[in-house]
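Derivation of every value follows stated rules applied to the coordinates shown; laboratory data play no part. This is a predicted model, so every value here is computed, not measured. Don't worry about glycine lacking a Cβ; one is built from the backbone with ideal geometry, like all the others, and counts go over all protein chains shown.
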Amino acid sequence: MAEEALLGFLHSNEELTDSGQFATSIGIDHNEIVNVIKSLHGFRLIEAQDIKRESWVLTDEGKSYVLLGSPEVQFFLAVPPEGISREDLQKKVDPSIYKIGCSQAAKNKWVEIGKSLVIRKVPHVEDRVKDLLKRIQNGEVVDPKDVDDLKKRKLIALQTWKGYSLRKGPNYTLKRTKAATDLNRDQLQRGDWKDLEFKEYNFSARGQPMEGGHLHPLLKVREQFRKIFFEMGFEEMLTNNFVESSFWNFDVLFQPQQHPARDSHDTFFLQVPSTTKRLPEDYVERVKSVHESGGYGSKGYNYEWKREEANKNLLRTHTTAVSSRMLYLLAQKPFSPRRYFSIDRVFRNEAVDRTHLAEFHQIEGLICDRGLTLGDLIGVLNDFFARLGMSKLKFKPAYNPYTEPSMEIFSYHEGFKKWVEVGNSGMFRPEMLLPMGLPEDVSVIAWGLSLERPTMILYGIDNIRDLFGHKVDLSLIKTNPICRLGIQ
Ligand code: PHE
């Protein structure tokens, strides 16, 4: 109906100058006309040119004053001819308009605000503001100075109206025939395909958006790390237990029971179930004795090791707990050299800020073999990080209860023009490996780093809460580009 009217109008007129006026003249909503215009324009039945009109409309506040009167008049009317105390006036006047009404009424010299009394200075007032607002609402033209005042008081706002002016297009016809989209059997049998008009392919139309899963940046980067490990001959360890006992997370790593990391300020302990059910008893004995009195050439820590402390369940604080379980299993069989890695989530009871969350992902690699040295560790680290595009490394002596020597790893960041810490590493102590039952000449070199840090650098994200957690913008997950390690 709108389409017919529009094409009909252009049949007898050169131009339709204003789609808004046209919509009013045929009594149709402008939005509906716009849809028709878009479709006719798409098939080039008409040419369309944008037109814009600006007009003033009332804000919600402005609309409320048309109904209730301007604040200054409401204020004035609340002041009785004999005057009123400020407290009483405050009770009478709506708090949302008291301040503005008071200042405007005083500015207009309608009232006098005395120390204790508010009195009228004129017998009656006219509500100019309300009248002006009404006139604007009716589309009448008002003095620019008044418009300015109302705008400053945020009672009116400029609204842009968009419409079109129209002319006939190259494919103009008075009545549009619906183009066929498919050639089908019926048309062929009837023979009417000869006369049909077929819709042309639109090669520039957007394709259907792909539905389905999208990998989170952390998972994409994790995949790249996995590839690198596989290329270097590593096997992936099973990491599917977030809940771990203190024994595997701390004790077997020769971390003394009074170590500050084992405090509930740093570690999430479980309430239910609060303790582990089973531990390998003979191994527990050896761990207890290495803590208490050492052995294997070590003096131990010289304190009373408590089984209850080792039994406590926690959310694993590092994936080294995974490595310790794996090495223990390995020690139960005739030894063969191995390379293992894991990438999974760990938890720390930390204050959350733009670079820290209470959970994150760790990447950990380890190699066990006979006769490994610190030189092997440095060599492997250089190889590993070079595959990530970090070929300038520096090492700094560090301390971990379970490694000796230990090294922090720094890489020169070409973009930041400085050395940044990228990981931690070391050689597992004999106090950890020998109670497991590994042969004496076997050494284990290992390192760990976070997955979040490189991911944030690669994706240019500077607040970890934009990467992980409930504040993540899902469209980021759907549209993020593939960022490759190796491009710093
Ligand atoms: N577990 C250490 C950490 O949480 C990383 C590490 C792994 C250090 C292996 C040395 C060897 O930071």
Skipping prolines and chain starts, which residues have an amide H placed within reach, meaning under 5 Å, of the one on residue 361, given they are 5 or more residues away or on another chain? 346, 451, 452
Along each of the three principal axes of the Cα atoms of region 394-453, give the extent in whole Å, ordering the values from largest to smallest. 46, 22, 17
Find, among the chymotrypsin sites (Phe, Trp or Tyr not before Pro) in region 379-488, those assigned to loop by DSSP (not H, G, I, E, B) with at most 16 other beta-carbon atoms within 10 angstrom. 416
Once you list every other residue whose beta carbon is under 11 Å from the beta carbon of residue 299, what net charge do they have if Lys and Arg are +1 and Asp and Glu are -1? -2
When the helices in the chain are scored as -39500 (n - 2.57) per DSSP H run of 4 or longer and the sum is shared across all residues, what 222 nm value do you end up with, to the nearest 500 deg cm²/dmol? -10500 deg cm²/dmol
Between the alpha carbon centres of region 417-488 and region 317-347 the gap in Å comes to 17 Å
Quickly work out the residue 382-to-residue 60 label distance, labels modelled 7 Å from Cα along the C-beta direction, and quote it in nm with one decimal. 6.7 nm
How would you rank 308-315, 269-276, highest first, on the average number of other Cβ atoms within 10 Å across their residues? 308-315, 269-276
Net charge (Lys, Arg +1; Asp, Glu -1) of residues whose beta-carbon lies under 13 Å from that of residue 383, residue 383 excluded, is 0
Where chymotrypsin sites (Phe, Trp or Tyr not before Pro) fall in DSSP loop in region 143-220, at most 12 other Cβ within 10 Å: 201, 203
Divide, for region 137-252, the radius of gyration over alpha carbons by 2.2 N^0.38 Å, where N is the residue count. 2.52
May I ask you to compute the full-extension gain from residue 473 to residue 227, defined as 0.36 nm times their residue separation minus their alpha-carbon distance, rounded to one decimal in nm? 85.8 nm
Of all trypsin sites (Lys or Arg not before Pro) in region 379-462, the ones in DSSP coil with at most 16 other Cβ atoms within 10 Å are 392, 417
Run the paramagnetic zone check for residue 142: 7 angstrom along Cα to Cβ, then residues of region 55-75 with backbone nitrogen under 17 Å. 55-74
Between residue 354 and residue 261, 0.36 nm times their residue separation minus their Cα-Cα distance comes to what? 31.3 nm
Past the 32 Å Cα-Cα mark, which pairs from 227/333; 115/152; 333/392; 178/478; 38/151? 333/392; 178/478; 38/151
Which entries of 220/471; 99/471; 312/396; 63/99 have Cα-Cα distances beyond 28 Å here? 99/471; 312/396
Under the 7 Å Cα-to-Cβ spin-label approximation, residue 107 and residue 184 lie apart by a distance in nanometres of 6.9 nm
Mind computing the radius of gyration and Dmax over the alpha-carbon atoms of region 379-488? Å is fine for both. 17.5, 54
Using a Förster radius of 35 Å, what is the FRET efficiency between residue 274 and residue 421 based on their Cβ-Cβ separation? Nearest 0.05, please. 0.50
Cα-Cα pairs in the chain separated by more than 34 Å, as a whole percent of all pairs, come to 64 percent
Between residue 161 and residue 480, how high is the FRET efficiency from 1/(1 + (r/R0)^6) when r is the Cβ-Cβ distance and R₀ = 35 Å? Nearest 0.05. 0.40
Which percent, to the nearest 5, of DSSP beta bridges fully inside the chain are antiparallel? 95 percent
Along region 287-297, what does the Karplus equation 6.51 cos²θ - 1.76 cosθ + 1.60 (θ = phi - 60°) give for ³J(HN,Hα), rounded to whole Hz, x for Gly and Pro? 5, 4, 6, 6, 5, 6, 10, x, x, 6, x
Residue-count net charge about residue 321 - beta-carbon cut-off 14 Å; Lys, Arg +1, Asp, Glu -1: +2
Treating region 269-319 as a set of equal point scatterers at the Cα positions, no solvent, please give the Debye-formula log₁₀ I(q)/I(0) at q = 0.25, 0.28, 0.32 Å⁻¹. -0.98, -1.04, -1.11
Apply the a/c threshold of 1.5 to the C-alpha gyration tensor of region 300-353 and tell me whether it is rounded, prolate or oblate. oblate
On the formula 1/(1 + (r/R0)^6), with r taken between the Cβ atoms of residue 13 and residue 134 and R0 of 35 Å, the FRET efficiency rounded to 0.05 is 0.45
I need the Debye-formula profile for region 1-101: one equal scatterer per C-alpha, no solvent, reported as log10 I(q)/I(0) at q = 0.17, 0.20, 0.21 1/Å, two decimals. -0.80, -0.98, -1.04
Near-label residues of region 320-340 by backbone N, under 12 Å of a point 7 Å along Cα→Cβ of residue 240: none
